[in-house]
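Please read the structure below before turning to the comments.
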Amino acid sequence: PDCPDFTALLPFRVAIMTTAERSSSIFLFCHKSTKSLAQRIVSSTASKALLVDATRNVEFHDAIDWGEFSDAWPNIFINSVKECAGKDVIFLASFHSPQVVFEQLSVLYAFPRYLVRSFTIILPYFSTGTMERVDMEGQVATAMTLAKLLSAIPLSARGPAQLIMFDIHALQERFYFTDNVIPRLETAIPLLLQRLMRLEDRQDVSIAFPDEGAYKRFHSLFSSYELITCIKVREGTKRVVTVKDGSPVGRHVVIVDDLVQSGGTLQECAKSCSFKDEMFKSFHCLISWLTF
């Protein structure tokens with residue numbers, strides 16, 4: 001959950017407001033696992049730069065007691081809840097483990113009932129995103145299950161809550177959510193583009209995708225770079241990654257994907273970009289989420 005680079009991407013946009021509203025602060029709450037990230041957001045100049053009206057402040061409220069009863073069920077108390085009436089409230093969540101989902105959902109369901117003006121949830125990693133489809137009868141698409149749970153968040157005074165997620169596994173998962181929430185699917189790719197623009201030899205950079213799924217997901221964001229597409233082919237009992245399109249020879253290769261579970265595909269992709277006598281200049285990876 002602690003991912004400092006994402007502080008440069010959090011888009012705290014606010015709608016047109018009255019003079020009184022402009023002077024009010026935005027309240028930022030968080031789960032206990034994201035406290036250090038929340039503190040960095042508040043202290044970062046990026047949080048103000050991304051506000052429509054920079055006169056507003058993002059105010060961190062470390063005001064939630066995440067206790068539990070003797071039977072291990074949550075015992076939660078929001079200390080400053082009366083101050084939230086009429087405020088724009090943001091909650092920085094982390095569903096990194098099934099054990100912490102229920103307690104955070106309990107808080108997400110509670111905030112709108114305390115008359116908050118608007119409610120935004122930042123859930124950087126949509127943890128069940130890779131189980132978004134059913135290949136055979138009996139499988140359960142848990143991505144839809146979690147989307148339904150989040151869609152049950154009550155409306156705020158200004159309507160549906162906004163749910164900000166970064167590099168969700170499949171864009172079509174937005175349709176698993178109901179109209180009760182507005183999913184905003186953001187990406188970490190701008191961080192990579194900023195880094196690449198600072199390179200003196202960026203003309204030698206090629207963007208590689210480990211499979212066609214990654215290519216479909218991200219290729220439109222790299223229109224000014226040469227692209228390399230890999231595919232997985234079966235050789236006996238093994239699945240081997242080979243280069244389908246593009247050439248890595250003499251290039252700085254940057255492989256881009258949303259999720260890595262073991263790193264095996266990255267290793268195979270690096271091997272496929274190597275030849276007996278010629279190979280790439282360097283090999284790098286941009287992976288939004290590491291789950292191993």
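Quick rundown of the values:
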| quantity | calculated |
| --- | --- |
| Accessible surface, the stretch 71-143, averaged per residue in Å² (probe 1.4 Å) | 50 |
| Amide hydrogen neighbours beyond the local backbone of residue 88, cut-off 5 Å, H modeled | 27, 117, 118 |
| Other-chain or far-sequence residues with amide H under 5 Å of residue 230's (modelled H) | 209, 211, 244 |
| DSSP bridge pairs, the stretch 124-245: antiparallel proportion in percent, nearest 5 | 45 |
| Stretch gain in nm, segment residue 65-residue 202, where the contour uses 0.36 nm per residue and the Cα spacing is subtracted | 44.5 nm |
| Stretchable slack from residue 134 to residue 114, in nm (0.36 nm times residue separation minus alpha-carbon distance) | 3.3 nm |
| Fraction of beta bridges assigned by DSSP in the stretch 34-150 that are antiparallel (%, nearest 5) | 50 |
| Amide H contacts under 5 Å for residue 205, placed H, 5+ residues apart | 252 |
| The stretch 120-233, accessible surface, carbon-and-sulfur percent (1.4 angstrom probe) | 54 |
| Per-residue ³J(HN,Hα) for the stretch 28-34, Karplus 6.51 cos²θ - 1.76 cosθ + 1.60, θ = phi - 60°, Hz, x for Gly and Pro | 10, 10, 7, 6, 4, 6, 10 |
| Where labels lie 7 Å past Cα in the beta-carbon direction, separation of residue 219 and residue 244 in nm | 0.8 |
| Table column - 3J(HN,Hα) (Hz), the stretch 65-77, Karplus curve with 6.51, -1.76, 1.60, x for Gly and Pro | 8, 9, x, 8, 7, 5, 8, 6, 6, x, 10, 10, 9 |
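The values are calculated or read from the model by the stated rules, or taken from the named source; none is laboratory data. What you see is a predicted model, and the numbers here were worked out from it, not measured in a lab. Heads up, the Cβs are rebuilt from the backbone with ideal geometry, glycines too, and the neighbour counts pull from every protein chain shown. Accessible surface is based on the protein model in full, side chains and every heavy atom, while ligands, DNA and RNA are left aside. Shrake-Rupley method; radii C 1.70, N 1.55, O 1.52, S 1.80 Å.
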